[in-house]
Amino acid sequence: MFRVHKEGDTEEDFVNLRPFAVGAAALATGAGFCYAALFCGVHFLYALLFLLPLGMILVFARRKRRAAVYVFLFLALFGVGMGGLALRMESYGAQQFREGEYALSGEISELTETEDGYARVLLTDVSADGRELDGNVTVYFYASLKNGE
Amino acid sequence: MRISFTGDLSPAGSALRYGVFRADMVLGNIKYTATCSASPVYEGAGGDLFTAVRTGIRGALYGSLPEEEAALAYALTTGYTDGIEEGLMESVRYGGVAHVFAVSGMHIGVFYGALAFLLKKMRAPKWLSVPLPLVAAFLFCGVCGFSSSAMRAFLTCAATAVCTLIGIRRDGIEAAGFACGVILLADPVYLLSLGFQLSAAAYIAIVALAPAAEKCFSPLSRRVPLLRKPLSAVAVTLAVQLCLLPVMLNAFGYVSVWGILLNLAALPLFTFYFPFLLAGVLLACLFPAAASVILFLPAAALSLFALFFRAADFSSLLVKGFSFGFAAAVAFYLLLLLWSGRVNARGQTASALACFLAAFVFVSGLLTNYVPPQTCRVVQMCYYGDYCCALVQTENADVLLVNGEVSSSRLQTFLFLHGAAPDAVVILSDTANAVAGSLLFTDFRVAYVPSDVTLSLRDRETVSADAFSVDGVDYVFRPSGQLFLSYAGVTGVFNGTAASADFSLFAAEPRDGLIFTIERGILSVS
């Protein structure tokens, strides 16, 4: 009944014939599902409700090779998007240093000035009390950055 | 350049805070914040190439232009808007043209297009005229901090350039798919970044939705051929605004109606102005002694821009007061997809589907913004730890709680975002008069402060009391500086110590229903 089409298409397909657009949509949907699962209380298993019909299409559409390729591409990139975001959140959540006073040292990567007169500095390659820090640090201090200082 | 200092280090905590996903923190791998408690020691010089270029541009602009013009020019060329005065920035946002300061696809497109045009005029060979603008655009992205919108635009240009080079037909949607796919493969967190969402939605609107919008005007443009181009521009602007509607409402709480009109003027003006500004800034960096002369005309244009936006009030025509829920947003985009004509549904099927989706958007949006009877919901925000606001919404009243000194523009954004018009405000800080001053733009009828604080407001009722009740919620100021709230037998604490506004006690997600319970000293949301 429905097909997503572009000008010049002749086949009655229901999947988008643009591989990059399908790939991007799959990555975005996968990452979106992961976000919903991690932060909105939606269980990861709900993704199956979405993926099962696609999987069935993959099985039944083996003879329509192009449709099957697109469904496979979507499923694979959906997994990449979902897994990628899950890994990133896992890695971000692991903050090894506790709150406290440290001797800090780092490379200035970015300098900006906030509206209330504070300078905001992004430090990379940071060490705290001589130990390597597991992430970057934003530092606030009172200073003017005008005139390129 | 390295910096060493002694300071207080704090872990940044969860990526989701107060219901807002901090994509910039995750993308930058910023896991900690620190404050500097002793004078820092600097070692070495310079930094990476792009930081050095930005520093050079900042120096040339601030050294030769008045502060406001320098801040505007710096924002236009690098995307860093920190120096722009908040009132002016707010007016620009209400006018719907803040994207000119975001180094968006428009900047990269104009930059790439101007260079490609120049090389074409110089009759440069294809092997040079295609990659050279791309390399230059990539370096420009670096100066802009490789922001997601700039990179999206760069990759779109790259895809288009490759198509030109190998001689295949260009396809806007595929170029968008390629750009978004590469960015999401590099880091899926970009999906949650506002810059990426706005940039991708705007570009997809231009390539996929604008032709359908243009069709709506075709009867008129056929009758009056002179109107064809202006109507085409209106269609593009309209398509972009429609596509951005859910994202903008979710992020800022409003969409500018003026934006449709102002963008019609802003886009051609910007396309003409931006290459000249960039060339001027480049020359100013190379010849700092002559910078003020070189930048005289671009700065004069920026002065006019600032004057215009300061004089005008664009806040009167905003679409605001509600937000899309997730389901309504998805249905809204499906509706746009149907309208774009890229789904093969015709006649009654298309009409039925459109009606269903429209009804779904309406009902789902209504439910998202509805506070059911006998419930109380709490939303909140914070900013740099200096202040905290909470909004207590019940069936008949919205009550705004404020702790710390908060600017009126931040408050306005907060209230827009939640579609709230507070009937009462509760001020916890000891600078109540100053805080109340920044609240006067709202139509609140009564302000509550602790009994030992005197508040004088013209035309508004003020109540100094330690306990009071608004629409079934009981509020009690405690001597510790905290505010206790009780509703339906459940008590929550809004911590109002002036020294440190501790917001963590209100861990409720925005728009969560009731609310807060304390067990064994730990606040949990139910």
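The values are calculated or read from the model by the stated rules, or taken from the named source; none is laboratory data. Since this is a predicted model, take the numbers as computed values, not measurements. Here Cβ is always computed from backbone atoms with ideal geometry, including for glycine, and neighbour counts include all displayed protein chains. For accessibility, only protein heavy atoms count, side chains too; no ligands or nucleic acids. Shrake-Rupley method; radii C 1.70, N 1.55, O 1.52, S 1.80 Å.
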Q: Calculate the length of the line joining the C-alpha centroid of region B:231-265 to that of region B:185-211, in whole Å.
A: 15
Q: Let me have the relative contact order for chain B, percent, based on Cα pairs under 8 Å that are six or more residues apart.
A: 11
Q: Take B:236, A:69, B:426 and sort them by solvent-accessible surface of the protein heavy atoms, 1.4 Å probe, largest at the top.
A: A:69, B:236, B:426
Q) What distance in nm separates the simple spin-label points at residue A:94 and residue A:131, each placed 7 Å from Cα in the Cβ direction? A) 1.5
Q) Label residue B:264 and residue B:366 with points 7 Å out from Cα along Cα→Cβ: what is the distance between them in nm? A) 3.4
**Q.** Crossing angle, helix B:172-186 versus chain B [Cα axis fit, 0-90 degrees, rounded to tens]
**A.** 60
Q) Could you give the length gained on full extension between residue B:224 and residue B:14, defined as 0.36 nm per residue of separation minus the Cα-Cα distance, in nm? A) 69.9 nm
Q. Under a plain spin-label model, where a point goes 7 Å from the Cα along Cα-to-Cβ, how far apart in nm are residue B:124 and residue B:476?
A. 7.4
Q: Skip the ligands, DNA and RNA, and give the accessible area per residue of region B:196-304 with a 1.4 Å probe, whole Å².
A: 52
Q | Length gained when the stretch residue B:326-residue B:466 is fully extended (0.36 nm per residue, less Cα-Cα span) | A | 46.4 nm
Q | Zone of residue A:103's modelled label, taken as backbone nitrogen in region B:1-31 under 12 Å from a point 7 Å along Cα→Cβ | A | B:4-7
Q: Let me know the mean shielding of A:97-108 by other chains, meaning the per-residue number of their Cβ atoms within 10 Å of its Cβ.
A: 6
Q: Would you please give the FRET efficiency between residue B:303 and residue B:43, computed as 1/(1 + (r/R0)^6) with r the Cβ-Cβ distance and R0 = 25 Å, to the nearest 0.05?
A: 0.05
Q) If you take the square roots of the eigenvalues of the alpha-carbon gyration tensor of region B:86-319 and sort them as a ≥ b ≥ c, do you get rounded (a/c under 1.5), prolate (a/b over b/c) or oblate? A) rounded
Q. Relative to the present Cα-Cα distance, how much length would full extension add between residue B:296 and residue B:132 at 0.36 nm per residue of separation?
A. 56.1 nm
Q) Against the longest alpha carbon principal axis of chain B, how many degrees, from 0 to 90 and to the nearest 10, is the axis of helix B:347-368 turned? A) 40
